[in-house]
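A.B. asks: Below are the structure tokens for one structure; questions will follow.
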There are 4 protein chains.
Amino acid sequence: MVIVQEGERALLVFEGGFTALVEVRGGGRLSTHRGIVHFDDLLGQPYGAVVKTHQGGPVVILQPSLEDLMMKVRRRTTIIYPKEAAAILMRLGIGPGSRVLEVGTGSGALTLALAWAVAPTGQVLSYEVREDMLLLARENVGRTPLAPLVEIRLRHSGEPFPEGMDAAVLDIPTPWEELAAVRDALRGGGRLASLNPTFNQVERMAGAMIEAGFVQVDSLEILYRPILARPGRTRPVQRMVAHTEFLTFGARSLGGAEVGRALAGE
Amino acid sequence: MVIVQEGERALLVFEGGFTALVEVRGGGRLSTHRGIVHFDDLLGQPYGAVVKTHQGGPVVILQPSLEDLMMKVRRRTTIIYPKEAAAILMRLGIGPGSRVLEVGTGSGALTLALAWAVAPTGQVLSYEVREDMLLLARENVGRTPLAPLVEIRLRHSGEPFPEGMDAAVLDIPTPWEELAAVRDALRGGGRLASLNPTFNQVERMAGAMIEAGFVQVDSLEILYRPILARPGRTRPVQRMVAHTEFLTFGARSLGGAEVGRALAGE
Amino acid sequence: MVIVQEGERALLVFEGGFTALVEVRGGGRLSTHRGIVHFDDLLGQPYGAVVKTHQGGPVVILQPSLEDLMMKVRRRTTIIYPKEAAAILMRLGIGPGSRVLEVGTGSGALTLALAWAVAPTGQVLSYEVREDMLLLARENVGRTPLAPLVEIRLRHSGEPFPEGMDAAVLDIPTPWEELAAVRDALRGGGRLASLNPTFNQVERMAGAMIEAGFVQVDSLEILYRPILARPGRTRPVQRMVAHTEFLTFGARSLGGAEVGRALAGE
Amino acid sequence: MVIVQEGERALLVFEGGFTALVEVRGGGRLSTHRGIVHFDDLLGQPYGAVVKTHQGGPVVILQPSLEDLMMKVRRRTTIIYPKEAAAILMRLGIGPGSRVLEVGTGSGALTLALAWAVAPTGQVLSYEVREDMLLLARENVGRTPLAPLVEIRLRHSGEPFPEGMDAAVLDIPTPWEELAAVRDALRGGGRLASLNPTFNQVERMAGAMIEAGFVQVDSLEILYRPILARPGRTRPVQRMVAHTEFLTFGARSLGGAEVGRALAGE
């Protein structure tokens, strides 16, 4: 049994599937349209336990998944969807101890995913040009146990990044402008992922990566299609998120444009 | 710089993007339609380096990503696609130190993904009913550095699983038959993922999970759509993998069917 | 030049792409958030002409396409999307002079598509069990020039349909209950399409059709993905209609279940 | 009953769902891996009848649908899929008696669809720059009863098209180069559809159409997802056609660029 501890973040699931992510502090409470939950009722309970709102409705306490952490950050920009983050973690080849560079911190949601992947001993070094976003991201990351693995810095365009990074993620509108600096920061074989919403960006970035000597350059988009499973009436949902970002991946070779071009598929 | 060491598994990228996953042993070699690579040329090189085939063609050495490891296992059954594995890792809430139960080892590809996620200190306990698959999976996992984190056992239906597991994955045709045993193995709040190819299985399994007191039960499918990015001629690929498996997720509450039903969304 | 005539239905396109379908009667007018259009300004103009609202904004007059007619019917039930109607017309093999049976008139949108296809000399015979829907559909069809091709009747379950129909469309929740009657109404080689939202219905109906001796039985779903084409920023739309109806098709053979089964693909 | 006549084209359906499109001539025969069918056995039979191969296997005779006609043309270029043709017919607003311009005849498959839509009294005027394609298309169209509705001409770039066309379809790599000529050929309110495989073409063509005063300019792609309906094991197919062509639509206004821009949505 894993017990709910003071100060932990817990996901509460209410009737009808409605959820809330809370920080459990003695004396605290959460008021919802489903009733009030007193946090003193949560402390000392095992995760999975069923507690009651003041109206008697059932509430189940869960530990948040990485997806929950990402979806519940406060944000001012487009959300980074967990579906893209999942593919990035799978492709970047990072794990415990990796050092990852992120350019374009945004709200810090993807930063959390990268930190999750390099835990317990790696590091995520994230850069953001907008000071207001940097502060928001620090707050979002600081609220999680992953905070010690993350450092968020203000980006001054043109300055070099630290060298020897195992992987890099770019989430900025003109990623080709940072590409030379990112390549120099990556160790040989280090992988890069770029997130961009338009075809024009994908086309330009994939081309720039090949010219910068990256190999295994490819692009894709990811669709999650929810299925409504109900006895005798199972069907896909009627409306869905149809597009968020395209992903472009590559690995840094120690060769140049001629290697990038030679190894590119058709 | 990270240097290629004796005994490591490396991904070789050839002209046109063709790849091979090899174990680098001094004196070894790989013959391909693109020419021969001598492994003595790889040892001591940094990853990312460009070596030559005996015909002079360029080859780049990379460390395999988790996706590469999964896609290159030897298999006798349907492949578990990395796209499903990525979503599972994101949703199960597992990380360094987690203990994960897998029912239906298959070729061991998903086992590798789970081991990657719980490294460096967790454990994956995987069960398989077919002895030939079990041996194949042990071989596939044994070939990777993740092997110490994995134990693969023969499944005797009806026997209980060890208790206190943080998460569970079912990849078997009739997952509802193992559901009671899996629920008892999961700690409170532990999450479950089931992979199944047909709607009929999704409908039945989602219903069974709700009746077993699971909450946050939902189903989805994942589509990866490759984009061919080329200067002035960018378009989606013409044929794609359109369906592999549906995923059904849930978290174990310590309540029963009435809690499962009350918290289920429409 | 084709000139706007008294009593015709015209599609008006306003600034920003907003549209309205109107019946052009002298003295009439349409008030919108984009301003007022006086129909006297439309009469005598060629289609494609640019007229002005009372505020001076441009409005273009178009003849409605079949899609426009379908999307603008008044409805009380789920809409039949033109994407399904388009596939049905392509598959049913109907054209000028065909006689088509429709079971489940609904709002009459699909009825319009069928009438469009059999014009100028065919017939659509449509049945509806709900009297309120029948009246609505008659009103929707009656407002178009296709009305003389359509007859809408109240359906009394169990009664036979007229024989010798060239094709049939079923848009009802339990199409297998009408299947024997529909088969008897179809001439040999006549094709059938069934629209149903759930997998369960598709599975049951496809099986029932094979047992009823239908051949070329297959099912599919259709997705339209809008692309936002803008200079330098082209991308798919962010949210889309992900599911409406599955379609199941077949052709009536004069053989029975054994022929249906023998000719069914895997 | 509709009877198979000498000289008609019929679709034969064999065991396992395999199909062939044949011209039924007395004394003729078709040899397949499923056995031999003698056409004398077909003549005089009603459509839907079950005949036997010389080996005794069942064969059902059907009239070809428009989709069958399109899929069975001989071709040297990329196929025009019926799914795009279906959407085009739905959107162009054409019907019996319409006059349609096609630029880029290709194999003539889309030409057939347009002829089907304007039958029994309209006209399709189709232009092709390649003489070999023109001959192939004439042969493909000539084999069908739609031939009298179609005229295929060699295209000399720069020459004007006949005026007063009700709709136009462009299936060429650089449609913007023919746009001025096509606009002048279209009557006011006449609609245009362009088929193009890349995003770059869609972006450029949609922009050019707006500048040429077209309204209701929008782009989309169409996906058909086959469902394998089988008792207790229903699922989507595992591989599918993921991309063929994007479609861009618009209607000719009698205004210019300022009208196109004002009425364009975001």
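A.B. asks: Running a GNM on chain D with Cα contacts under 10 Å, which residue among D:I36, D:I210, D:I80 ends up with the highest mean-square fluctuation?
C.D. replies: The residue with the greatest mean-square fluctuation here is D:I36.
A.B. asks: What nm value, rounded to one decimal, do you get for the distance between C:R153 and D:E258 when each label is placed 7 Å out toward the C-beta?
C.D. replies: The answer from the label model is 5.8 nm.
A.B. asks: Within 9 Å, Cβ to Cβ, of B:G57, how many net charges do the neighbouring residues add up to if Lys/Arg are +1 and Asp/Glu are -1? Don't skip to the end; give the middle numbers.
C.D. replies: On the way: positive: B:R34, B:K52; negative: B:E15.
Local net charge: +1.
A.B. asks: Counting pairs of alpha carbon atoms under 8 Å apart in space and at least six apart in sequence, what relative contact order in percent does chain A give?
C.D. replies: Reported relative contact order: 13 percent.
A.B. asks: Which cross-chain or sequence-distant (5 or more) residues have an amide H under 5 Å from the amide H of A:Q45, H modelled 1.01 Å from N in plane?
C.D. replies: Amide H neighbours of A:Q45, under 5 Å, 5+ apart: A:V4.
A.B. asks: Could you tell me how many degrees, from 0 to 90 and to the nearest 10, lie between the Cα long axis of helix C:109-118 and the main elongation axis, the longest principal axis, of the Cα atoms of chain C?
C.D. replies: 80
A.B. asks: Could you tell me what percent of the accessible area of the protein assembly as shown is made up of carbon and sulfur, with a 1.4 Å probe and every protein chain present? Please report the intermediate quantities before stating the final value.
C.D. replies: Working: 19030 of 38390 Å².
Carbon-and-sulfur percentage of accessible area, whole number: 50.
A.B. asks: Using only the C-alpha atoms of the stretch B:57-212, find the volume of their convex hull and express it per residue in Å³.
C.D. replies: Dividing the Cα hull volume of the stretch B:57-212 by its residues yields 121 Å³.
A.B. asks: The stretch D:116-180: which GluC sites (Glu not before Pro) are DSSP loop and have at most 14 other beta-carbon atoms within 10 angstrom?
C.D. replies: Those satisfying the criteria are D:E163.
A.B. asks: Can you list, shortest first and in nm, the gaps between the label point of B:E258 and those of its counterparts in the other copies, using a point 7 Å from Cα in the C-beta direction?
C.D. replies: 5.7, 7.3, 7.7
A.B. asks: Next up: Lysines within cross-link reach of A:K72: Cα-Cα under 16 Å, excluding same-chain residues under 8 positions apart?
C.D. replies: A:K83
A.B. asks: Right, another one. Let me see the pair-distance distribution of the stretch A:109-150: every alpha carbon pair, 10 Å bin width, integer percents in order.
C.D. replies: 32, 56, 12
A.B. asks: Between 0 and 90 degrees, rounded to the nearest ten: what's the tilt of helix D:199-211 against the longest Cα principal axis of chain D?
C.D. replies: Between helix and principal axis, roughly 50 degrees.
A.B. asks: Which value, in Å³ per residue, describes the convex hull spanned by the Cα atoms of chain B?
C.D. replies: 157
A.B. asks: For the pair D and C, how large is the buried accessible area, both sides, in square angstrom to the nearest 100, if the probe is 1.4 Å?
C.D. replies: About 5700 Å² of accessible surface is lost on pairing.
A.B. asks: I would also like to ask the following. Under a 10 Å cutoff between Cα atoms, tell me which one of B:Y47, B:Y81, B:Y127 has the largest fluctuation in the Gaussian network model of chain B.
C.D. replies: Its mean-square fluctuation being the largest, the pick is B:Y47.
A.B. asks: What whole-number distance in Å separates the alpha-carbon centres of the stretch A:207-256 and the stretch C:203-266?
C.D. replies: A separation of 25 Å, based on Cα centres.
A.B. asks: Sticking with this structure for a sec: Hey, what D do you get for the stretch B:8-108 in µm²/s if you plug the Kirkwood alpha-carbon radius into Stokes-Einstein at 10 °C and 1.306 mPa s?
C.D. replies: Taking Rh from Cα pairs, D becomes 101 µm²/s.
A.B. asks: If we count every other residue with Cβ under 11 angstrom of D:A181's Cβ, Lys/Arg +1 and Asp/Glu -1, where does the sum land?
C.D. replies: On the way: positive: D:R155, D:R183; negative: D:E159, D:E163, D:E177, D:E178, D:D184.
Summing Lys/Arg as +1 and Asp/Glu as -1 gives -3.
A.B. asks: Between C:E139 and C:Q55, what's the calculated FRET efficiency when r is the beta-carbon distance and R0 is 30 Å? Round to 0.05.
C.D. replies: Taking R0 as 30 Å, the efficiency between C:E139 and C:Q55 is 0.40.
A.B. asks: Something else about it: Ordering A:D40, B:D166 from largest to smallest accessible area (1.4 angstrom probe), what's the sequence?
C.D. replies: Of A:D40, B:D166, the descending order of accessible area is A:D40, B:D166.
A.B. asks: Build a GNM of chain B with springs between Cα atoms under 10 Å: which of B:V59, B:V150, B:V141 gets the top mean-square fluctuation?
C.D. replies: B:V59
A.B. asks: At 7 angstrom along the Cα-to-beta-carbon line, where would the label on D:I3 sit relative to the other copies? Give the distances in nm, shortest first.
C.D. replies: Ordered by increasing distance: 5.0, 9.0, 9.1 nm.
A.B. asks: Loop sites only, by DSSP: take the trypsin sites (Lys or Arg not before Pro) in chain B that have at most 12 other C-beta atoms within 10 Å and name the longest stretch containing none of them.
C.D. replies: It works out to B:77-266.
A.B. asks: Please work out the Cα convex hull volume for the protein assembly as shown and give it in Å³ per residue.
C.D. replies: 198
A.B. asks: Mind listing the phi-derived Karplus ³J(HN,Hα) values for the stretch A:184-198, rounded to whole Hz, using 6.51, -1.76 and 1.60 with θ = phi - 60°, and x for any glycine or proline?
C.D. replies: 5, 7, 7, 6, x, x, x, 9, 10, 10, 10, 9, 8, x, 10
A.B. asks: What residues qualify as long-range amide H neighbours of C:L170, i.e. H under 5 Å apart, gap of 5 or more or another chain, H built at 1.01 Å from N?
C.D. replies: So C:L170 has HN proximity to C:V103, C:A193, C:S194, C:L195.
A.B. asks: So, one more: Along Cα-to-Cβ, 7 Å out, sits the label point; list in nm, shortest first, how far the one on A:A20 is from those in the other copies.
C.D. replies: 4.5, 6.0, 7.1
A.B. asks: Could you give the angle, 0 to 90 degrees to the nearest 10, between helix C:82-92's Cα long axis and the longest principal axis of the Cα atoms of chain C?
C.D. replies: Compared with the principal axis, the helix lies near 50 degrees.
A.B. asks: So what is the 222 nm mean residue ellipticity for chain D from helices alone, if each DSSP H run of at least 4 adds -39500 (n - 2.57) and you divide by all residues, rounding to the nearest 500 deg cm²/dmol?
C.D. replies: So the helix-based figure for chain D works out to -7000 deg cm²/dmol.
A.B. asks: Under 5 Å between amide hydrogens, which residues at least 5 positions from D:T32 or on another chain qualify, with H placed 1.01 Å from N in the peptide plane?
C.D. replies: D:V37
A.B. asks: Hey, what do the phi angles of the stretch B:166-182 turn into as Karplus ³J(HN,Hα) couplings, whole Hz, using 6.51/-1.76/1.60 and θ = phi - 60°, x for Gly and Pro?
C.D. replies: Calculated HN-Hα couplings, in order: 7, 7, 8, 10, 10, 10, 9, x, 10, x, 5, 6, 9, 5, 4, 5, 5 Hz.
The values are calculated or read from the model by the stated rules, or taken from the named source; none is laboratory data. Predicted model only: the values in this text are computed from it and were never measured. Every residue, glycine as well, gets a Cβ built from its backbone with ideal geometry; the counts of neighbours run over all protein chains shown. Surface accessibility is based on the protein's heavy atoms, side chains included, excluding ligands, DNA and RNA. Shrake-Rupley method; radii C 1.70, N 1.55, O 1.52, S 1.80 Å.
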